[in-house]
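First comes the structure, then the notes that go with it.
The values are calculated or read from the model by the stated rules, or taken from the named source; none is laboratory data. All figures in this text were calculated on a predicted structure; none of them were measured in a lab. Cβ sites come from the backbone with ideal geometry, for glycine too, and all protein chains shown count toward neighbours. Surface areas here come from the heavy atoms of the whole protein model, side chains and all, with no ligands, DNA or RNA. Shrake-Rupley method; radii C 1.70, N 1.55, O 1.52, S 1.80 Å.
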Amino acid sequence: MNSLSETYFAEAKKYIPGGVNSPVRAFSSVGLNPVYIDRGEGSRLFDVDGNEYIDYVGSWGPLILGHADKRIQETIQKTIARGTSFGANTEIEVRFARLISEIYPSMERIRMVNSGTEATMSAVRLARGYTGRDKIIKFEGCYHGHGDSFLIKAGSGVLTLGLPGSPGITRGTAADTLIAEYNNLDSVKELLLANKDEIAAVIIEPVMGNAGLILPQEGFLKGLRELTETENTLLIFDEVITGFRLALGGAQQVYGIRPDLTCLGKIIGGGFPVGAFGGARRIMEHLAPEGPVYQAGTLAGNPVAMQAGYRTVQILRDENPYPALEEKGQALERGFKENQSKLGVSFAQNRAGSMFCRFFTGRNVEFYRDAMSADTKLFSRYFAQMLTRGIYMAPSQFETGFVSAAHSLQDIKITIAADYDSLKAVI
Ligand code: KE4
């Protein structure tokens, strides 16, 4: 007898490519039938077959407060009672832009969009329009959404599916995207000098979250800021994951770097489709209708998403869950490491606050190539074991796990116990 998840997936494949609306959800890299979710509550997900999971995907980052947070639900219900979209200006979008700008001083002006991809795409177009230069530098393994300029040696689903980039991207577009190595300043310097005065921007995930989790080495981000300043190249921080996640002020607060442009998404939508990009006034004023660089969106600044995002950020600012997120992240990391030593294995574990990733490799993972040494087959077997034990991890070695404010220390304990049994079963 097929489970409902299996039934729905079989049906889905008749109408939706690969049966999914985003490739990584297909569970193809872990060789399993994907689960279909019925509802979420706090740290828990419940699938359509009644299975309960402790969730470490959190919708890929947005749900830092956990699922169906009562305060967000209440805000949404009050908002939708007054209509859902007007295609006109509303007070909440002004209030939200002001709140974000107060927390991200580098974002003197902010434009709302509907996804992280739109944010990064628009930021790069603006950088090109502002500088009059065509080329950009990205880092191998970084993922900035599915915009054409970014699907070159990208992370996340592109990496998970082992795709060589993506057909459909013109040679001209690909030629304008140069690839550097994360944590290797010389690789950036070489490209900047070899393409003098031709590079509009360097775009980076300040903490890499799409090749698994890789942290910047001491001085890397500062060096990048200095290099880009010298070359009059804009530095774009893609903080779609790290924004409001690593700290209220994101990676730019943690590492003390002022980028020229910042891209946000995920958390600022409070579970709704939202992205944003912003930065120095002298740059943002080139954006239509003030300037000539065009960018637009039917649902940009949608009032429901704005209210949900605003309420989420307000709670993060007023309740400061970050110390507790750090404590829970530490407890999980410590437990996973203790399990490894009890079982006589030593896999790499990277963590940044409530973001974590175990790489199934014996090497430290400080460079993309280290992440590539991970045993993805072993990861898949581990993933399946954890799933049967009620722990819902990201279905890919090249993604990051997220602890939410709704996770309890009891959840962490249960996860550590499941980790021990799962590791034991696969090594
Ligand atoms: P979206 O267009 O998916 O909202 O955001 C694109 C994006 C941009 N920048 C970073 C750093 C991102 O991580 C993302 C999207 N993240 C992936 C998973 N890590 C989304 C999951 C998916 O593609 O289904």
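Accessible-area rank, largest first, for SER341, SER115: SER341, SER115, with all protein chains present and a 1.4 angstrom probe. Per-residue extension of 0.36 nm, minus the Cα-Cα distance of ILE179 and ASP318, leaves a gain of 46.1 nm for this segment.
With a ≥ b ≥ c the root eigenvalues of the C-alpha gyration tensor of segment 70-319, is it rounded (a/c under 1.5), prolate (a/b larger than b/c) or oblate? In terms of gyration-tensor shape, prolate. Backbone amide hydrogens, once placed in the peptide plane, bring GLN349 within less than 5 Å of PHE359, excluding anything fewer than 5 places away on its chain. Taking each DSSP H run with n ≥ 4 as -39500 (n - 2.57) and averaging over every residue of the chain yields -11500 deg cm²/dmol at 222 nm.
About its Cα centre, what dipole magnitude does the chain give when the only charges are +1 on Lys and Arg Cβ and -1 on Asp and Glu Cβ, stated in debye to the nearest 20?
Working: 44 positive and 47 negative charges, 52 e Å.
Value, rounded to 20: 260 debye.
Full extension of the chain segment joining LEU161 with GLU326 gains 56.3 nm, where the gain is 0.36 nm per residue of separation less the Cα-Cα distance.
The residue among ASN339, GLN349, ALA68 whose Cα reaches farthest toward the positive pole of the charge dipole of the chain, with charges on the beta-carbon of Lys, Arg, Asp and Glu, is ALA68. On a per residue basis, segment 70-319 carries 41 Å² of accessible surface, using protein heavy atoms and a 1.4 Å probe. What percent does the relative contact order of the chain come to when contacts are Cα pairs within less than 8 Å and at least six residues apart? With pairs under 8 Å counted, the relative contact order is 22 percent. Placing a label point 7 Å from the Cα of LEU248 along the Cα-to-Cβ line, the residues of segment 260-290 whose backbone N sits under 18 Å from it are 267-270. Shown here for segment 1-60: chymotrypsin sites (Phe, Trp or Tyr not before Pro) in loop regions (DSSP other than H, G, I, E, B) with at most 14 other Cβ atoms within 10 Å, namely TYR15.
A straight line joining the Cα centroids of segment 182-234 and segment 352-420 runs 28 Å.
At an R0 of 25 angstrom, the distance between the Cβ atoms of LYS70 and ASP421 translates into a FRET efficiency of 0.15.
At a Förster radius of 30 Å, what calculated FRET efficiency corresponds to the Cβ-Cβ distance of LYS377 and MET1, to the nearest 0.05?
Efficiency at R0 = 30 Å is approximately 0.55.
Database remark: amide H of ALA280 closer than 5 angstrom to the amide H of GLU108 (H placed geometrically; neighbours at sequence offset of 5 or more, or on other chains; Pro and chain starts carry no H). If I compute solvent accessible area with a 1.4 Å probe over the protein chains, what percent of it on segment 36-95 is carbon and sulfur? Its accessible area is 49 percent carbon and sulfur atoms. Only the Cβ atoms of Lys and Arg (+1) and of Asp and Glu (-1) were treated as charged; on that basis the dipole of segment 70-319 about its Cα centre amounts to roughly 700 debye. A simple rule links phi to the HN-Hα coupling: the Karplus curve 6.51 cos²θ - 1.76 cosθ + 1.60 with θ = phi - 60°, which for segment 202-216 gives 10, 10, 9, 7, x, 10, 5, x, 10, 10, x, 10, 10, 9, x Hz, with x for Gly and Pro. Size of the chain from its Cα atoms: along the principal axes, largest to smallest, the extents are 59, 54, 46 Å. Model label sites at ARG95 and LYS342, defined 7 Å from Cα along the beta-carbon direction, differ in position by 4.9 nm.
Extension gain, GLU102-ASP49: 0.36 nm per intervening residue step, less the Cα-Cα distance, totals 14.6 nm.
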